[in-house]
Amino acid sequence: MEGRLVMHNIIPFSTQARRRDLNRGKQCLSIVSVLTQPVNDQVGKLSSSKPVYKDNFFELVAINYISKIVQSSTGFTNNKSGYDSFVEAATGLWSNFNPVQQHEIVAKILDKAIPRPILTMASSSFSTHRLPILTYIRTLLPNSKFTRELFAVFTTSCFAWLIGPNEVRESELDGRRERNVVHIKKCRFLEESNCVGMCLNLCKMPSQKFMKDALGVPVDMVPNFDDMSCEMVFGQEPPATAEDPAFKQPCYKLCKVNKRHSSNCPR
């Protein structure tokens, strides 16, 4: 059980005290402690403090672009717009493909989603060959403190529209401090989808694999399903799936996709 403080306005019973307080234009305040049943966050809940996003023109262009890529990759289209369209497209991917297929499709989506100017920064001769460009970037930016911190800053600066408000934080890696962590205060995708399985299979797992295989930098994505925050730790190897606490998380009670309440959610 947990306590909650509730303020009540109480007028004293004494006529003289009441007259004195009214003359002063004040009322006495008392604090009553009320016991309430705590909410079980393990089965999930919808937050009452859901932020309101005001996407600007460029952010809307990016959101609609990624939504169209998801739709074209799955063959399932929708008529929604903005972030709602993206979540609807992601839901179609989650509902109609198994986890292995989901990872493969998201990997292709991530490859297509990288802006071409970034992929062609090294040489115009690579402009039509994505894999060689990624290989070139991997060679140009090997796994190092500089690269990990660069990826953290890049993620924070360029992807708030996708993941929500975030900031770069410091951690210890190989015995030294570096700013290689992106702390997502409340993941926009997890909050909108409200689905643990979509978080794991459409974000965490394929992103970890893409960063390691395509760019040569491991990243461990650590979601907190209680407050919907997440940390991306660049340079840290993620645990095996069987040992990852994230895969022991039950579905949210208000899951919009599976509507299941146990850890048997298909992943």
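The values are calculated or read from the model by the stated rules, or taken from the named source; none is laboratory data. As the structure is a prediction and not an experimental result, all values here were calculated from the model. Note that each Cβ is placed from the backbone with ideal geometry, even for glycine, and that neighbours are counted across all protein chains shown. Remember, those area values only see protein heavy atoms, side chains included, never the ligands or the DNA or RNA. Shrake-Rupley method; radii C 1.70, N 1.55, O 1.52, S 1.80 Å.
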Integer Hz, Karplus 6.51/-1.76/1.60 couplings in order for region 138-143, x for Gly and Pro: 4, 6, 5, 10, x, 4
task: Taking 7 Å along the Cα-to-C-beta vector as the label spot, tell me the VAL61-VAL153 distance in nanometres, rounded to one decimal.
output: 2.4 nm
query: If you plug each phi of region 85-90 into the Karplus form 6.51 cos²θ - 1.76 cosθ + 1.60 with θ = phi - 60°, what whole-Hz ³J(HN,Hα) values come out, in order, with x for Gly and Pro?
result: 5, 4, 5, 5, 5, 5
- request: Please turn the phi angles of region 198-209 into ³J(HN,Hα) values with the Karplus equation 6.51 cos²θ - 1.76 cosθ + 1.60 (θ = phi - 60°), one per residue in order, whole Hz, x for glycine and proline.
  value: 5, 4, 6, 8, 9, 10, 4, 5, x, 5, 4, 5
task: Sort largest first and round to whole Å: the equivalent ellipsoid semi-axes of region 149-267, each the square root of five times a Cα gyration tensor eigenvalue.
output: 25, 16, 12
query: For region 206-258, what is the Kirkwood estimate of the hydrodynamic radius, computed as the reciprocal of the mean inverse distance between distinct Cα atoms, to one decimal in Å?
result: 12.4 Å
task: Return one whole number: the accessible area per residue of region 56-97 in Å², for a 1.4 Å probe.
output: 54 Å²
- prompt: In the structure displayed, which of LYS108/LYS204; LYS145/LYS212; LYS112/LYS212; LYS50/LYS185; LYS108/LYS186 lie more than 21 Å apart, Cα to Cα?
  reply: LYS108/LYS186
query: Going through region 192-259, which GluC sites (Glu not before Pro) have at most 15 other Cβ atoms within 10 Å and a DSSP loop state?
result: none
query: If you stretched the chain out fully between LYS185 and GLU172, how much longer would it get, using 0.36 nm times the residue separation minus the C-alpha to C-alpha distance?
result: 2.7 nm
